[in-house]
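Asks: First the structure, then my questions, so here it is.
The values are calculated or read from the model by the stated rules, or taken from the named source; none is laboratory data. Note that the coordinates shown come from a computational prediction; the quantities given were computed from them, not determined experimentally. Note: ideal-geometry Cβ built from the backbone for every residue, glycine included; neighbour counts use all protein chains shown.
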Amino acid sequence: MLLDVKDLHVSYGAIRALRGISCQIREGEIVALIGANGAGKSTTLRTISGLIRPKSGEITYQGQSLIKMPPHQIVNLGISQVPEGRRVFTRMTVMENLEMGAYTRKDKAKVKEDIKKIFQRFPRLEERKNQLAGTLSGGEQQMLAMGRALMSKPKLLLLDEPSMGLAPMLVQEIFAIIKEINQAGTTILLVEQNAHMALSISNRAYVLETGEVVLSGDAQELANNPEVKKAYLGE
Ligand code: ATP
């Protein structure tokens, strides 16, 4: 077990966003969290990253509790998040954004090599390496946000709605890249509204409704589940 989340409760003031979420991620998996707007998907990711403190519950990563750990230390342990809406540094170049992703690393010589690898995975970023990130298209910004997260060499990559706002062709491309990143050895926790795409690349999934897990299991089985089909796959 790489990550074990147990009975997580999170509130924003009076709003109870998470009402006892539990989920597990094994090394090497792609796991999806699916659900409607406001179900608590992003809150779950942000709590794992240490950006939000839960009221109660436990998060264990490789046997170590993350509950009281500051976000930078969580990054150092190998967990990196790509936030919703990309959030690249718009006034920095593509290259500078990638360098920022490696700022916690001490092996600066290897950082250069890794930037080369990112450019192999995302050739479009190399063509635009001196361009300001704010002038990239939405899909290119998504690639940059993923590239930047990969620069910290995460074991576990948390992706928040990678398909949001992208044209269908680009959605296919981004999901293909997610699969490649996984096959190269990175475990992935994926939050998606596009349940169809998410289930198609995941090993397992959790369905969230108003801060609770209502269904979970094998991704293919969930994709064939009549309730899931009706509520999330538009069938
Ligand atoms: P979406 O797909 O729309 O992003 P989500 O499943 O990721 O939805 P969350 O963003 O985790 O859902 O939100 C869960 C609940 O918490 C929602 O009711 C939302 O309004 C509320 N919420 C989220 N962030 C805040 C905040 N900063 N302050 C107050 N309430 C918040």
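Asks: Determine, yes or no, whether ALA39 is in contact with a Leu (Cβ under 6 Å, 6 or more places away or on another chain), part of a loop (DSSP other than H, G, I, E, B) and of a type in the set (Gly, Ala, Ser).
Replies: Here the answer is yes, as ALA39 does meet what is asked.
Asks: Out of the residues in segment 163-206 that are part of a helix (DSSP H, G or I) and among the acidic types (Asp, Glu), state the one that is surrounded by the fewest Cβ atoms within 10 Å (Cβ to Cβ).
Replies: GLU180
Asks: Sticking with this structure for a sec: How about segment 105-154: which helices (runs of 4 or more DSSP H) wholly inside it have at least 1 residues that are farther than 10 Å from VAL94 by Cα, among the small types (Gly, Ala, Ser) and under 23 Å from the mean Cα position of the chain (by Cα)?
Replies: Output list reads 138-150.
Asks: Here's something else I'd like to know. Please verify whether LYS55 is more than 10 Å from the ligand (Cβ to nearest atom), in contact (Cβ under 8 Å) with a residue 24 or more places away in the chain and out of contact with any Cys (no Cβ under 9 Å at 6 or more places or on another chain), treating the condition exactly as stated.
Replies: The answer is yes for LYS55.
Asks: Now a separate question. Scanning segment 2-47 for residues that are at positive phi and either modelled with pLDDT under 95 or hydrophobic (A, V, I, L, M, F, W, C) (or both), which turns out nearest to the ligand (Cβ to nearest atom)?
Replies: Of everything passing the filter in segment 2-47, GLY38 is nearest to the ligand (Cβ to nearest atom).
Asks: To continue, here is another question. Within segment 83-97, restricting attention to residues that are more than 17 Å from the chain's Cα centre (by Cα) and either closer than 16 Å to GLN142 by Cβ or polar (S, T, N, Q) (or both), which residue is farthest from the ligand (Cβ to nearest atom)?
Replies: Of everything passing the filter in segment 83-97, THR93 is farthest from the ligand (Cβ to nearest atom).
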